[in-house]
1. Output the residue which, of all residues in region 98-107 that are of a type outside the set (A, V, I, L, M) and modelled with pLDDT under 85, is nearest to Tyr82 (Cα to Cα).
2. Going through region 251-266 one residue at a time, which ones are of a type in the set (Ser, Thr, Tyr) and more than 17 Å from Asp175 (Cβ to Cβ)?
3. Output the number of the condition that Thr106 fails; it satisfies all remaining conditions of (1) more than 16 Å from the chain's Cα centre (by Cα); (2) not in a loop (DSSP other than H, G, I, E, B).
4. Assess whether Val164 counts as being among the β-branched types (Val, Ile, Thr) and under 30 Å from Ala103 (Cβ atoms).
5. Does at least one position in region 129-136 carry a residue that is under 29 Å from Leu14 (Cβ atoms), open to solvent by less than 10 Å² (accessible area, probe 1.4 Å) and either assigned to a helix (DSSP H, G or I) or of a type in the set (D, E, K, R) (or both)?
6. In region 113-124, is there at least one residue being open to solvent by 60 Å² or more (accessible area, probe 1.4 Å) and not in a helix (DSSP H, G or I)?
7. Consider Asp158 carefully, then state whether it is at pLDDT 90 or above and touching a Leu at 6+ places or on another chain (Cβ under 7 Å).
8. Given the criteria among the basic types (Lys, Arg), out of contact with any strand residue (DSSP E or B) (no Cβ under 8 Å at 6 or more places or on another chain), at pLDDT 95 or above and farther than 16 Å from Ala125 by Cβ, does Arg200 qualify?
Amino acid sequence: MRKKIESLEELNTLLGDDSFDMNFWGARNGLEQLAWHLLAHRCFDPTVLKEGTREKVEVARDADEVSLQNYIDEMKARYNDYYTADNQELREWLTTTPLENIAAYTTYFVRRNEIDRVSNYYDAAQDHYADHWKTFRDFERGDISGREFVETFYKQVDELNAHVAEGKQLGLTMDEIVLHDAMWGLLPSAFDPDLTALAREIHKEALRQLPSHPYIWSEKGKQAYAPKMLRHAAHKLEEKGFDIGFSKQQYTIEQGYLLDYFSQLYWREADAKPED
């Protein structure tokens, strides 16, 4: 009977053997699922993953007639719970394996999963990750190593996690942290005391202004609620000396973040309290 994969070292050895294969239904832990993924269900040739150049990668994609996006969608559907930024077992392997190109392509999928997690809820975090998207292209061109790409991504993860932890230490809820950063306009290096107080105040008012029973949830209802709360937030910000361009009728990223924030708050409440 085949030996169970129980260590990162065994995983490296098996992935380094082009002849190794396994069946997903026989996978008995996360490391075996990862091996099955990369070897039995890949769209990249092992040689490309180990040596990797942009030209070779494109040839391999065409040869297998599998698009990168289709592969990402399949990975999300099957392994959403494993390919996450907070999976420490996976992170340890990605940051230590000598198979750096395999690690880089795997991190590409983890990164997409992490962006999907924060998208449509935490715009500042989404843009925090998006600002460093160019590094994957740098990897494909050979400008940076696979290890550098992996380390760049996890550096961003650590920065975001540290920021959220700081907000929670200040007593903010996750909603209030997201609101603070929406008003700031990006992921800040520290929490602003005035914006921290405003986040608490505006979030409380946003909850109070949500429709009351009977619940009427619709696109029309959201369009009435979200812009109203944006006006309220802009007025409160102006009182504290923060200008997000609202009174000047100038679009700013802060306005976009806030409108998305209140829209998501509306629909989340709608999901929790369906119309009677």
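The values are calculated or read from the model by the stated rules, or taken from the named source; none is laboratory data. On a predicted model such as this, the values are computed, not experimentally measured, just so you know. Positions of Cβ are backbone-derived with ideal geometry, glycine not excepted, and every protein chain shown enters the neighbour counts. With ligands, DNA and RNA removed, areas are computed over all heavy atoms of the protein, side chains included. Shrake-Rupley method; radii C 1.70, N 1.55, O 1.52, S 1.80 Å.
1. The residue in question is Thr106.
2. Scanning region 251-266 gives Tyr251, Thr252.
3. All conditions are met except number (1).
4. Numbers: among the β-branched types (Val, Ile, Thr): yes; under 30 Å from Ala103 (Cβ atoms): yes.
Criteria met by Val164.
5. Yes.
6. Yes, there is a match, as at least one residue in region 113-124 is open to solvent by 60 Å² or more (accessible area, probe 1.4 Å) and not in a helix (DSSP H, G or I).
7. Answer is no for this residue.
8. yes
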